Amino acid sequence: MKNIVILISGGGSNMAAIVHAAAREGWAKRLDARVSAVISNKADAKGLVFARDQGIATAVVDHKAFASREAFDAELAQVVDRYQPALVVLAGFMRILTPDFVGRYAGRMLNIHPSLLPAFPGLHTHQRAIDAGCKVAGVTVHQVTAELDHGPILAQAVVPVLTDDTADTLQARVLTQEHRLYPQAIAQLLPKI
């Protein structure tokens with residue numbers, strides 16, 4: 001069985017999309033994979049409730065309880081490793097991870113980013129795309145490397161930027177594509193790991 005560990009910081013809509021797609025599309029059974037745990041850096045992350053309701057193990061490693069990023073990442077790695085992950089999936093996990101943590105899961109850690117990388121790494125991607133006059137925006141699933149939002153690209157989806165778009169309206173359309181694209185990219189990568 002290939003265990004997938006998902007890291008979240010908030011509502012976990014991408015995590016929920018992955019869980020639903022795995023069941024609905026049957027790739028979890030076909031690929032002998034399961035979401036074995038959802039871990040958050042915030043105890044009040046709403047996504048933890050969804051995970052528990054689905055019978056998925058949950059854990060919290062509060063980053064505020066650690067004096068350094070390295071100490072947090074060391075504890076997070078210990079908790080992640082309890083679930084023997086074949087794949088670690090960042091789904092709205094709002095922490096920059098240290099090179100040691102990233103190296104530990106090299107080639108088997110994914111992130112989803114709400115832009116067409118390499119354009120607009122980091123935060124406020126939708127407003128930045130609008131401000132730059134982009135005609136299209138989108139979403140990227142990529143492998144995680146030590147450089148923020150710069151790992152090898154696995155999949156992308158394009159969304160038009162409409163003339164009356166705000167950051168919120170563009171974000172809503174991009175999120176729809178995130179929920180479709182992330183489970184697909186995971187299902188395509190799992191046979192290779």
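Exactly one residue out of Gly26, Gly92 is at positive phi and at pLDDT below 95, and it is Gly26.
Each residue in the range 136-193 was checked for being touching a Phe, Trp or Tyr at 6+ places or on another chain (Cβ under 8 Å) and at positive phi, and 0 of them qualify. Within the range 30-71, being over 18 Å from the mean Cα position of the chain (by Cα) and either within 14 Å of Asn3 (Cβ to Cβ) or buried (at least 18 other Cβ atoms within 10 Å of the Cβ) (or both) holds for Leu31, Asp32.
Residues of the range 11-38 that are hydrophobic (A, V, I, L, M, F, W, C), touching a helix residue (DSSP H, G or I) at 6+ places or on another chain (Cβ under 6 Å) and under 28 Å from Ser68 (Cβ atoms): Met15, Val38.
Do we have Ile186 as among the hydrophobic types (A, V, I, L, M, F, W, C) and modelled with pLDDT under 95 here? It is false that Ile186 is among the hydrophobic types (A, V, I, L, M, F, W, C) and modelled with pLDDT under 95.
State which residue pairs qualify: first residue under 20 Å from Gln188 (Cα atoms) and inside the range 144-171, second residue surrounded by 19 or more Cβ atoms within 10 Å (Cβ to Cβ) and acidic (Asp, Glu) in any location, beta carbons under 9 Å apart, and separation of 6 or more residues or different chains. As it stands, the answer is Ala157/Glu178, since those pairs meet every condition given. Of all residues assigned to the range 12-20, at least one qualifies as being modelled with pLDDT of 95 or more, buried (at least 16 other Cβ atoms within 10 Å of the Cβ) and outside any helix (DSSP H, G or I). Go through the residues of the range 99-114 one by one and say whether even a single one is crowded, with 21+ Cβ neighbours inside 10 Å, over 17 Å from the mean Cα position of the chain (by Cα) and either under 21 Å from Ala45 (Cβ atoms) or modelled with pLDDT of 95 or more (or both). Within the range 99-114, not a single residue is crowded, with 21+ Cβ neighbours inside 10 Å, over 17 Å from the mean Cα position of the chain (by Cα) and either under 21 Å from Ala45 (Cβ atoms) or modelled with pLDDT of 95 or more (or both). Going through (1) touching a residue at least 60 places away in the same chain (Cβ under 8 Å); (2) within 26 Å of Thr176 (Cα to Cα) one by one, Leu116 falls short only on (1). Any residue at all in the range 133-150 that's basic (Lys, Arg), in a helix (DSSP H, G or I) and surrounded by fewer than 19 Cβ atoms within 10 Å (Cβ to Cβ)? Looking through the range 133-150, none of the residues is basic (Lys, Arg), in a helix (DSSP H, G or I) and surrounded by fewer than 19 Cβ atoms within 10 Å (Cβ to Cβ).
State which residue is surrounded by the most Cβ atoms within 10 Å (Cβ to Cβ) when the search covers only the range 151-183 and only residues that are under 15 Å from His124 (Cα atoms) and either at pLDDT below 95 or small (Gly, Ala, Ser) (or both). Out of the qualifying residues, it is Ala167. Take Leu117 and tell me if it is hydrophobic (A, V, I, L, M, F, W, C) and in a loop (DSSP other than H, G, I, E, B). In short, yes.
The values are calculated or read from the model by the stated rules, or taken from the named source; none is laboratory data. None of these values were measured; they are calculated from a predicted model. Glycine also receives a Cβ, built like all others from the backbone with ideal geometry; neighbour counts cover every protein chain displayed.
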